[in-house]
Every structure is written in C-alpha cells, then in structure tokens.
1. Out of everything in the range 22-36 that is among the hydrophobic types (A, V, I, L, M, F, W, C) and surrounded by 15 or more Cβ atoms within 10 Å (Cβ to Cβ), what residue ends up being farthest from the chain's Cα centre (by Cα)?
2. Before we move on, is Glu44 of a type in the set (Asp, Glu) and closer than 16 Å to Asn130 by Cβ?
3. What residue, among those in the range 37-65 that are aliphatic (A, V, I, L, M) and more than 13 Å from Phe104 (Cα to Cα), is surrounded by the fewest Cβ atoms within 10 Å (Cβ to Cβ)?
4. Cβ-Cβ distance below 9 Å, separation of 6 or more or different chains: which pairs start in the range 120-141 with a residue that is farther than 17 Å from Phe26 by Cα and end on one that is aromatic (Phe, Trp, Tyr) and assigned to a strand (DSSP E or B)?
5. If you take the residues of the range 107-125 that are farther than 16 Å from Tyr36 by Cα and touching a Ser or Thr at 6+ places or on another chain (Cβ under 8 Å), which of them is surrounded by the most Cβ atoms within 10 Å (Cβ to Cβ)?
6. Please specify each residue of the range 1-43 satisfying the condition of being in contact (Cβ under 8 Å) with a residue 60 or more places away in the chain, over 30 Å from Ser80 (Cα atoms) and of a type in the set (D, E, K, R).
7. Hey, can you tell me all the residues within the range 96-118 that are over 18 Å from Gly7 (Cβ atoms) and under 11 Å from the mean Cα position of the chain (by Cα)?
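The values are calculated or read from the model by the stated rules, or taken from the named source; none is laboratory data. Predicted, not measured: the structure shown is a model, and the values here were computed from it. As a convention, Cβ positions derive from the backbone with ideal geometry for all residues, glycine included, and neighbour counts pool all protein chains shown.
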Amino acid sequence: MKVSINGLRVDKSLISVNSGLNYGRFDYTNLEVSKYKIILASHEFIALIEDTYNSVRDEIKQDDEAQNETSAFTTINYGSITQLLQNQQALQDITTTYLDLMLFDKLFTQSNNPHYIINSTEQVEMINDNIEISGISYRKQ
C-alpha cells in the first residue's frame, strides 16, 4: 500500500479518518486542505475487504428484493468482488457508497496525533491491477 498527500508519499501512521456523520460534508474554512491518494494492489484490496463486501452485498440484495428496488450492486448482478473489479463504474459507486469507511478502518489505526484526516472519497478506479482511491483530506491543527 502507498499513501500520498498532494503527491508526496507519507507514512500511513500520519493518517486518520473522519468517521463521523459529516464525512464528505465538512466546512473547510480555515483548514489546510490536501488531496490524498491510496494505492492498493488488487490482491491487497480483495484480502482487506472481500468478507465485508460479501456481507454488505448480501444484505443489500435482500433489501433490494424485499423493496423491489435496485442498487449499485444490480449493475454487476450482485456478483463477486472479482466481478466488481471488472466494472469501473460499479467499483466507484459501491466503494464510495458502502465500502470506503470500512476499508479505511482496516487500513488506518486511530492515531492520537495524526497529521492528516481523510474526509471524503472522490474517486476509486482500477489502474494497472491497482486500486487507486483518492479524495480530500485536511491537516490536523
């Protein structure tokens, strides 16, 4: 795994995540805002999130069937995580809607003194057998 802030590689121990209800909806006034990027090999992504993915997918499938609705999982017919990785739009939608905070919880331990706080997930894409996740972070004051 590689983590960068504004294009510069940083140690993951310097990173924490805003796990509050305001994730993605934060007033950045007076904060130093940065772009972050996390790069995981696809096998790392699968190892970290497959069990969670399967659980979430199964729950959403039951809800979709009970409510006669569709979700982002419908586009891959509630398929496996490897099927998810083969569909760029589904990877983006499912990760940003359901998986990102659970994945970050596995990647980053809650630090008492983090330098950067991840506060949004903007982009998730598969590039050259890597999963690249990017968004907005801010510097802890």
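1. The selected residue is Leu31.
2. Criteria met by Glu44.
3. Among them, the one singled out is Ala47.
4. Every condition considered, the pairs that remain are Ile133/Tyr36.
5. Here the residue is Ser111.
6. Glu32, Lys35
7. Within the range 96-118, Thr96, Thr97, Tyr98, Leu99, Asp100, Leu101, Met102, Leu103, Phe104, Asp105, Lys106, Leu107 meet the criteria.
Rundown of residues vs (1) farther than 19 Å from Lys12 by Cβ; (2) modelled with pLDDT of 95 or more; (3) β-branched (Val, Ile, Thr), yes/no style:
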{"site": "Asn30", "(1), (2), (3)": "yes, no, no"}
{"site": "Lys37", "(1), (2), (3)": "no, yes, no"}
{"site": "Arg57", "(1), (2), (3)": "yes, yes, no"}
{"site": "Ile94", "(1), (2), (3)": "yes, yes, yes"}
{"site": "Phe104", "(1), (2), (3)": "no, yes, no"}
{"site": "Gln110", "(1), (2), (3)": "no, no, no"}
